[in-house]
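Reviewing the structure listed below.
The values are calculated or read from the model by the stated rules, or taken from the named source; none is laboratory data. Keep in mind that this is a model prediction, so the values were computed, not measured. Every residue, glycine as well, gets a Cβ built from its backbone with ideal geometry; the counts of neighbours run over all protein chains shown.
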Amino acid sequence: MCGIVGYIGDRPCRDILFRGLRKLEYRGYDSAGISVIREGRFDLLHSVGNLDKMESVLHQLEDGSTMGIAHTRWATHGRPSNENAHPHTDCSGRFAIVLNGIVENYLALRVRLQEEGHTFTSETDAEVVAHLLERSYNGSLRGAVAEAYRQMEGHFTFVAITTEEPDAIVAVRKETPLVVGLGEGENFVASAVPAFLAETRSVIFPDDGELVVVERGGVDFFTLEGEPVRREPEQVDWDEDAAEKGGYETFMLKEIHEQAVALADTLSQRLTHEGVVELEGLGLTEASARALGQVVIVACGTSYHAGLVGKYALERWARIPVEIDVASEFRYRDPVIGPNTLCVAISQSGETADTLAAMRLARGAGARVLAVTNIVGSQATREADGVLFTRAGLEIGVAATKTFLAQVLAVLLLALWLAEVRGTLPARRVRELTQELRRIPTLLNSYLEDSADAEIERVAREYAHHPFFLYLGRNIGLPVCLEGALKLKEISYIPTEAYAAGEMKHGPIALLDQGSPVVVVATDSHVYDKVVSNIQEVKARGRA
Ligand code: M6R
């Protein structure tokens, strides 16, 4: 989840682009770049780190040009570096692009382009786009963008400029955001409205696969085949604060609505067309995966709950004994681990002190350490033998939401990969399960879009006055309950307990008053009937 902004008009654009980037900084900021066209050539500026770093070198970019594109990067392919920062250019230096999202078939495209003689200067998936434009340009940037789009798989938005046509910016999207801002004698294109909200409130949201040609005098829309498309602008009345939240009341709510994208990104390029799990960078060979005698999961808070889901999956599918502990306990124990142990350390930030200490303890005892984290370049990535990245984008809300789901997905992928390598699940069953995983982002999106907010608000209003909640679940419903209870505690300040449903009668039931809300996770699984019995027990005692 990167940030994109483009400008074309009659004002010098360097500072306009930089101000746009500042407004998108909340989306991610491990590196940034600006490219403008001046005197028929590109002027490029890249910087690594946050935007303060870019601001300190901004003077190196002469402020004469009136058109350009800019990008803040949140690394997914290739570490944060000047080479990997966008904009990327082609071999001839005539095309520059910025991209948000993931090009799933970039390796195949890159190999083909290299065979044709193209030279790559970065490790990113995005750079292929600049070379695709170079290859197919035939006097029309719009045509070249359409051709590149046809060849690309994945979900992405990209914005392109060329020194051959210095009076146009061309953009296109596929399942990731793109918005056009309309001004007087100037126009904008961006990945989110805040980038230009200080300049205009007149906006157009293009559809997937629609070519957007932005010029000083106007913006035109075309199908991939070149047919004009008529689009009417709409006015946004958001204040700047609301705009950064994409119109949502809070970042947490916005991030809840980003969950499907977080899952799609985390899955991306990890399943082959046939549904085989492919995980790079684990630091484990297939032979060492087969030799594993034990997995130990360490994490804190929400990440620990994701780890609990991982324990169920690893044991069920990969048939490996799994131990899990909160890192703050594990680090002060004397755990029995050794060279055949894989320690999976889960940390969204990759910086949690207890988790890092637990990793060090495990490594010291000879275990192999795999970090599951959302942050490229974090301390956990530097100390681990291997890394499995979640790709949830920056999470601003302190209460984890989209990163939790991405962590769950990552550990499920790990369990399936191990199951296949260790031969504990037939290949056919792995394919069935990966097909199910592929469906989740779409299912989640349709749930969130189909009036979930109204239903959730109704339930919340009905129960908000209760002083205590109990959450009950079995199997992976239990970690889901633990996470739900944690959210209720930290967001609503309501005392909440979460229990294994079968434990309820061994004490916790005493906590319930007549009418106490009991939230039960009862999904379609082998423990469904058991959970229903627990609901009956609660009801029979006149509670809930
Ligand atoms: O960055 P980490 O995943 O290591 O953070 C661990 C916990 O502090 C974190 O998961 C916390 O419990 C959640 N933000 C609560 O919503």
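Considering the range 326-351, the residues that are within 16 Å of the ligand (Cβ to nearest atom) and part of a strand (DSSP E or B) include one that is surrounded by the fewest Cβ atoms within 10 Å (Cβ to Cβ), namely 326.
Among the residues of the range 465-479, those identified as buried (at least 20 other Cβ atoms within 10 Å of the Cβ) and either of a type outside the set (A, V, I, L, M, F, W, C) or without any contact (Cβ under 8 Å) to a residue 40 or more places away in the chain (or both) are 471, 473, 474, 475, 477, 479. Within the range 284-293, the residues that satisfy the criterion of being in a loop (DSSP other than H, G, I, E, B) and surrounded by 12 or more Cβ atoms within 10 Å (Cβ to Cβ) are 284, 292, 293. For the residues 415, 406, 419, the requirement of being within 13 Å of residue 305 (Cα to Cα) and assigned to a helix (DSSP H, G or I) singles out 406.
Please verify whether the range 365-382 includes one or more residues that are assigned to a helix (DSSP H, G or I) and within 15 Å of residue 263 (Cβ to Cβ). Taking every residue of the range 365-382 in turn, none turns out to be assigned to a helix (DSSP H, G or I) and within 15 Å of residue 263 (Cβ to Cβ). Of the candidates 275, 310, the single residue that is away from the ligand (no atom under 16 Å from the Cβ) and small (Gly, Ala, Ser) is 275. Considering (1) modelled with pLDDT of 95 or more; (2) in a helix (DSSP H, G or I); (3) under 28 Å from residue 398 (Cα atoms), the lone condition that residue 446 does not fulfil carries the number (1). Looking at 24, 99, 17, just one residue is over 28 Å from residue 272 (Cβ atoms), surrounded by 22 or more Cβ atoms within 10 Å (Cβ to Cβ) and either under 18 Å from the mean Cα position of the chain (by Cα) or not assigned by TED's automatic domain parsing to the domain that holds residue 141 (or both), and that residue is 24.
Within the range 475-521, restricting attention to residues that are assigned to a loop (DSSP other than H, G, I, E, B) and in contact with a strand residue (DSSP E or B) (Cβ under 8 Å, 6 or more places away or on another chain), the residue that is nearest to the ligand (Cβ to nearest atom) is 494. Within the range 414-428, track down each residue that is surrounded by fewer than 21 Cβ atoms within 10 Å (Cβ to Cβ) and within 18 Å of residue 273 (Cβ to Cβ). Within the range 414-428, 427, 428 qualify.
Among the residues making up the range 29-65, those that are farther than 17 Å from residue 89 by Cβ, in contact (Cβ under 8 Å) with a residue 40 or more places away in the chain and surrounded by 21 or more Cβ atoms within 10 Å (Cβ to Cβ) are 29, 30. When 519, 532, 538 are checked against the criterion of being surrounded by fewer than 14 Cβ atoms within 10 Å (Cβ to Cβ) and either in contact with a Lys or Arg (Cβ under 6 Å, 6 or more places away or on another chain) or of a type in the set (Val, Ile, Thr) (or both), 532 stands alone in meeting it.
Report yes if residue 323 is outside any helix (DSSP H, G or I), under 16 Å from residue 479 (Cβ atoms) and away from the ligand (no atom under 16 Å from the Cβ), otherwise no. Answer is yes for this residue. Taking the range 145-185 as the range and being among the hydroxyl-bearing types (Ser, Thr, Tyr), within 12 Å of residue 67 (Cα to Cα) and assigned to a strand (DSSP E or B) as the test, only 162 passes.
Yes or no: residue 364 more than 14 Å from the ligand (Cβ to nearest atom) and either on the phi > 0 side of the Ramachandran plot or buried (at least 23 other Cβ atoms within 10 Å of the Cβ) (or both)? When the stated conditions are applied, residue 364 does not pass them. For the range 221-249, a residue qualifies if it is more than 16 Å from residue 179 (Cβ to Cβ), surrounded by fewer than 18 Cβ atoms within 10 Å (Cβ to Cβ) and at pLDDT 90 or above, and the qualifying residues are 223, 224, 225, 226, 227, 228, 230. Of the residues making up the range 88-107, those that are more than 14 Å from residue 391 (Cβ to Cβ), part of a loop (DSSP other than H, G, I, E, B) and in contact (Cβ under 8 Å) with a residue 60 or more places away in the chain are 93, 94.
If you go through the range 393-404 and keep only what is aliphatic (A, V, I, L, M) and either modelled with pLDDT under 90 or surrounded by fewer than 24 Cβ atoms within 10 Å (Cβ to Cβ) (or both), you end up with 394, 396, 398, 399.
Each row is one residue, and each column tells you yes or no for (1) closer than 18 Å to residue 16 by Cα; (2) modelled with pLDDT of 90 or more; (3) among the hydrophobic types (A, V, I, L, M, F, W, C).
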| site | (1), (2), (3) |
| --- | --- |
| 32 | yes, yes, yes |
| 50 | yes, no, no |
| 65 | yes, yes, no |
| 68 | yes, yes, no |
| 85 | no, no, yes |
| 93 | no, yes, no |
| 101 | no, no, no |
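Taken residue by residue, the range 442-460 has no member that is more than 16 Å from the ligand (Cβ to nearest atom), in the same structural domain as residue 275 (by TED's automatic domain parsing), without any contact (Cβ under 8 Å) to a residue 60 or more places away in the chain and within 30 Å of residue 283 (Cα to Cα).
The set of residues in the range 300-321 being more than 27 Å from the chain's Cα centre (by Cα) and farther than 20 Å from residue 526 by Cα consists of 320, 321. Put simply, of 275, 281 the only residue that is surrounded by fewer than 17 Cβ atoms within 10 Å (Cβ to Cβ) and at pLDDT below 95 is 281. For the range 486-515, a residue qualifies if it is touching a Lys or Arg at 6+ places or on another chain (Cβ under 6 Å) and either at positive phi or polar (S, T, N, Q) (or both), and exactly one does: 496.
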